[in-house]
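Asks: This is the structure, below, for whatever I ask next.
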Amino acid sequence: MPRLAPSIEPFRNEPVRTFADGASRAGMMAALSRAHGTFGLTYPLVIGGERITGPGTIPSLNPAQPAEIVGDVVAATPQDVHDALDVATEAFASWSRTPVTERAGLLFRAAAEVRKRKDWFNALMIYEVGKTWVEADADTAEAIDFLEFYGREALRLAEPAPLVPSPYPEDNFLRYLPLGVGAIIPPWNFALAIMAGMTAAAIVTGNTVVLKPSPDAAVTAAHFVDLLLELGLPAGVVNYLPGDALTVGETLVADRRTRFVSFTGSKAVGLRINEVAAATAPGQRWIKRVIAEMGGKDAIVVADDADLEAAAAGVVASAFGFAGQKCSACSRAIVDAAVYDRFLEEVVRRTRALRVGDPQDPAVDVGPVINARAFERIFDYLESGRAEGRLLTGGGPAPGDGYFVEPTIIADVDPAARIAQEEIFGPVLAVIRVAGFDDALAIANGTEFGLTGAVYTRDPARIEQALAEFFVGNLYINRKCTGALVGVHPFGGFNMSGTDSKAGGPDYLLQFLQAKSIAVARLGITCG
Ligand code: NAD
């Protein structure tokens with residue numbers, strides 16, 4: 001059988017820009033001004049390719065200037081969920097039979113189009129979720145990567161799978177089939193990349209979906225869905241359904257027509273979705289598959305032989321990049337007592353140098369947290385955190401009208417303390433002092449999560465020990481624990497961090513597929 005796509009270039013990660021040159025800065029300034037000009041628009045639902053308005057809307061605010069409405073999205077109703085599942089079910093009949101080359105081709109064209117509109121998507125995310133310029137550019141680059149990578153992966157999986165030769169006179173095949181209609185429920189924090197990656201993985205494998213975006217990132221999602229429709233995505237393959245978590249999200253998960261749920265978000269919501277999806281609705285003909293990527297309480301271990309400058313730089317980048325609002329963010333630094341004070345000095349110095357403010361300004365290092373609820377939650381943690389350790393820097397709101405939180409470091413924290421165990425999802429770092437490397441690894445593993453982790457040491461034996469014992473889905477040695485690249489660092493965690501899948505890895509698409517094994521006895525009829 002000929003290869004399906006001989007002319008496709010090998011996958012390469014999209015570069016992330018630094019905006020050090022005048023031209024790229026001018027391009028971004030122009031995009032920010034264009035995006036600002038669209039503030040206040042209303043974004044309709046998309047069901048079966050039709051744009052549908054309704055009486056209720058949900059505002060998506062600029063977290064750096066909460067008085068500004070980036071856009072209003074129409075709030076879907078349970079009837080809309082019903083309609084969207086109907087059209088997605090109908091569209092599945094033809095989309096599942098559309099050649100994989102066409103489905104992958106659509107992803108490649110979407111990647112090219114997002115690449116052309118990079119500044120535009122960056123600007124949307126700077127306003128809608130408070131990303132700095134570089135963080136926004138990395139998010140857009142990752143979205144392009146997912147589209148390019150999953151397109152290639154779908155083509156690879158459509159090639160004949162190697163099987164053991166049969167002892168019988170027969171021909172054997174293994175074919176991957178899509179599952180059906182999926183609910184795609186992304187978080188807000190990688191507003192473009194995760195939402196686009198989850199959607200792309202589901203549709204390139206022949207499934208159809210109902211996408212319920214996060215209300216905090218629903219405008220960015222609306223623009224991505226528009227882009228897919230502009231490129232000729234058939235009606236009903238992706239239905240866009242923003243709305244309430246319960247009346248839309250949970251209704252979608254519970255419905256008998258839903259075949260699978262692809263969720264990324266917090267542990268609490270992931271567990272709830274898993275529970276709802278496990279119940280069998282009357283008339284349901286399958287066990288729903290749940291793919292859940294959840295939170296983390298990620299640690300960086302700093303051994304007594306570490307390069308302390310590098311460790312401090314890695315901890316600060318991992319803890320305070322995007323205001324600590326990454327599932328991979330370092331929220332615990334576990335530091336050997338022999339270097340503890342020197343490490344703290346260095347990490348505090350670097351943290352105090354960070355500029356907090358409105359990320360429209362390219363000089364800003366740390367933008368706002370996403371919304372009022374997150375802001376209050378972080379201060380609730382800080383209140384108990386003050387009693388759980390020694391506040392070294394930060395601890396309060398930073399100036400401005402937005403949800404700005406000072407990058408905060410609390411030292412001498414007990415490993416069992418609340419701020420050392422629960423995901424805070426803000427710029428808060430707990431530092432834990434340890435007596436040695438064995439202790440450090442035991443404490444690093446001592447939460448219910450298992451997402452990312454890093455170790456700074458120069459000792460090859462300790463590196464080996466960390467490789468064997470540090471129980472995380474993504475382990476980094478002598479580098480920061482954030483910034484996973486599609487294809488290079490397949491991403492996803494263990495335990496309460498999710499269902500052990502790896503986004504951007506060679507196994508990911510299999511979660512959206514089921515395999516059919518075929519044996520054809522040789523009677524002189526050829527097929528396959
Ligand atoms: P969240 O759990 O609050 O919401 C995620 C999505 O679920 C949103 O679209 C939300 O509207 C929806 N939702 C909420 N309740 C629901 C329900 N009962 N039924 C159906 N849908 C429901 O998370 P968030 O605040 O958007 O994102 C931050 C969280 O995501 C953090 O915990 C972070 O660690 C995690 N995250 C994990 C990864 C990963 O790859 N493991 C990546 C990014 C973010």
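FYI, it's all coordinate maths here, none of it is from the lab. Note that the coordinates shown come from a computational prediction; the quantities given were computed from them, not determined experimentally. Every residue, glycine among them, receives a Cβ derived from its backbone with ideal geometry; neighbour counts consider all protein chains shown.
Asks: If I take R0 = 60 Å and measure r between the Cβ atoms of Arg355 and Glu275 in this structure, what FRET efficiency does the formula 1/(1 + (r/R0)^6) give, to the nearest 0.05?
Replies: So the FRET efficiency works out to roughly 0.90.
Asks: So for segment 237-367, what are the equivalent ellipsoid semi-axes in whole Å, largest first, each being the square root of 5 times an eigenvalue of the Cα gyration tensor?
Replies: 43, 19, 9
Asks: Using +1 at the C-beta of Lys and Arg and -1 at the C-beta of Asp and Glu, which of Ala75, Gln511, Pro63 has the Cα lying farthest in the positive direction of the dipole of the chain?
Replies: Gln511
Asks: Further, regarding this structure: Need one word for segment 1-90: rounded, prolate or oblate. Basis is the Cα gyration tensor (sqrt eigenvalues a ≥ b ≥ c); a/c below 1.5 gives rounded, then a/b vs b/c decides.
Replies: Judged from the Cα gyration tensor, segment 1-90 comes out oblate (a/c at least 1.5, b/c at or above a/b).
Asks: Based on DSSP H runs of at least 4 residues, each adding -39500 (n - 2.57), what is the mean residue ellipticity at 222 nm of the chain after dividing by all its residues, to the nearest 500 deg cm²/dmol?
Replies: That comes out to -11500 deg cm²/dmol.
Asks: Amide H of Val290: which non-local residues (sequence gap of 5 or more, or other chain) have their own amide H closer than 5 Å, using H built in the peptide plane?
Replies: Under 5 Å from the amide H of Val290: Val261.
Asks: Can you pull the semi-axes for the chain, root of five times each eigenvalue of the Cα gyration tensor, sorted largest first, whole Å?
Replies: 39, 29, 22
Asks: Another question, then. Magnitude of the Cβ-charge dipole of segment 449-528, K/R +1 and D/E -1, about the Cα centre, nearest 20 debye?
Replies: For this selection, approximately 220 debye.
Asks: Related question: Of Ala278, Ile8, Val335, which is farthest on the positive side of the dipole of the chain, counting Cα position, with +1 on Lys and Arg Cβ, -1 on Asp and Glu Cβ, and the Cα centre as origin?
Replies: My answer, from the dipole projection, is Ile8.
Asks: Could I ask something else about it? Please report how far the C-alpha centroid of segment 397-454 lies from that of segment 40-80, rounded to the nearest whole angstrom.
Replies: Each part's Cα centre sits 36 Å from the other's.
Asks: Residues with amide H under 5 Å of Ile334's amide H, sequence separation 5 or more or different chain, H placed in the peptide plane at 1.01 Å from N; which?
Replies: When sequence neighbours closer than 5 places are left aside, the close amide H contacts are Ile300, Val301, Val302, Ile432.
Asks: Starting from the Cα-Cα distance between Leu510 and Leu177, subtract it from 0.36 nm times their residue separation and give me the gain in nm to one decimal.
Replies: Computed gain between Leu510 and Leu177 is 118.9 nm.
Asks: With a ≥ b ≥ c taken as the square roots of the eigenvalues of the C-alpha gyration tensor of segment 298-486, please select rounded if a/c is under 1.5 and otherwise prolate if a/b is larger than b/c or oblate if it is not?
Replies: prolate
Asks: Now, a different point. So for each of 238-247, 118-127 I average, over its residues, the number of other beta carbons within 10 Å; can you give me the resulting order with the highest mean first?
Replies: 118-127, 238-247
Asks: Same structure, new question: Cβ neighbours within 10 Å, averaged per peptide: list 49-58, 361-370, 381-390, 192-201 in order, most packed at the top.
Replies: Highest to lowest by the protection proxy: 192-201, 361-370, 381-390, 49-58.
Asks: Using the Karplus curve 6.51 cos²θ - 1.76 cosθ + 1.60 with θ = phi - 60°, what ³J(HN,Hα) values do you get for each residue of segment 20-26, in whole Hz, with x for Gly and Pro?
Replies: Computed from phi, the couplings for segment 20-26 are 7, 9, x, 5, 5, 5, 5 Hz.
Asks: Here is a follow-up. What's the angle, to the nearest 10 degrees (0 to 90), between helix 133-157's Cα axis and the longest principal axis of the chain?
Replies: Relative to the chain, helix 133-157 is tipped by roughly 30 degrees.
Asks: A follow-up question, please. Exposure proxy check: Asp72, Asp500, Asp298 ranked by fewest other beta carbons within 10 Å?
Replies: Final ranking by Cβ density, sparse to dense: Asp500, Asp72, Asp298.
Asks: Any idea what the dipole of the chain comes to, in debye rounded to 20, about its Cα centre with Lys/Arg Cβ at +1 and Asp/Glu Cβ at -1?
Replies: 1240
Asks: Got a sec to turn the phi values of segment 243-259 into Karplus ³J(HN,Hα) couplings, 6.51 cos²θ - 1.76 cosθ + 1.60 with θ = phi - 60°, whole Hz, x for Gly and Pro?
Replies: Each residue's phi maps through the Karplus curve to give x, 5, 4, 7, 5, 9, x, 6, 4, 4, 5, 7, 5, 5, 6, 6, 9 Hz.
Asks: Residue by residue through segment 320-328, what is 3J(HN,Hα) from phi via Karplus (6.51 cos²θ - 1.76 cosθ + 1.60, θ = phi - 60°)? Round to whole Hz and write x for glycine and proline.
Replies: For segment 320-328, the Karplus curve yields 10, x, 6, 6, x, 9, 10, 5, 8 Hz.
Asks: Work out the charge dipole of segment 298-486 with +1 on the Cβ of Lys and Arg and -1 on the Cβ of Asp and Glu about the Cα centre, then indicate which of Gly324, Leu382, Ala372 is farthest towards its positive end.
Replies: Ala372
Asks: For segment 194-302, how big is Rg over Rh, using alpha carbon atoms and the Kirkwood form of Rh?
Replies: 1.00
Asks: Multiply the residue separation of Ala442 and Asn13 by 0.36 nm, subtract the distance between their alpha-carbon atoms, and state the gained length in nm to one decimal.
Replies: 151.0 nm
Asks: Under 5 Å between amide H atoms, partner at least 5 residues away or on a different chain: which partners does Tyr176 have, H built in plane at 1.01 Å?
Replies: Long-range HN contacts for Tyr176: Lys516.
Asks: When a/c reaches 1.5 or more, the comparison of a/b and b/c decides; with that in mind, is segment 1-154 rounded, prolate or oblate per its Cα gyration tensor?
Replies: In terms of gyration-tensor shape, oblate.
Asks: Extending each Cα 7 Å along its Cβ direction at Phe494 and Leu391, get the distance between those two points in nm, one decimal.
Replies: 3.6
Asks: By counting other Cβ atoms within 10 Å of each Cβ, how are Ser7, Ser96 ranked from fewest to most?
Replies: Least to most surrounded, the residues fall as Ser7, Ser96.
Asks: In addition: Tally Lys/Arg at +1 and Asp/Glu at -1 over every other residue whose Cβ is under 10 Å from the Cβ of Gln284; what's the total?
Replies: Around Gln284, the charge tally is +4.
Asks: Taking 0.36 nm per residue of sequence separation and subtracting the Cα-Cα distance, how much length would be gained by fully extending the chain between Val164 and Leu523, in nm to one decimal?
Replies: 127.2 nm
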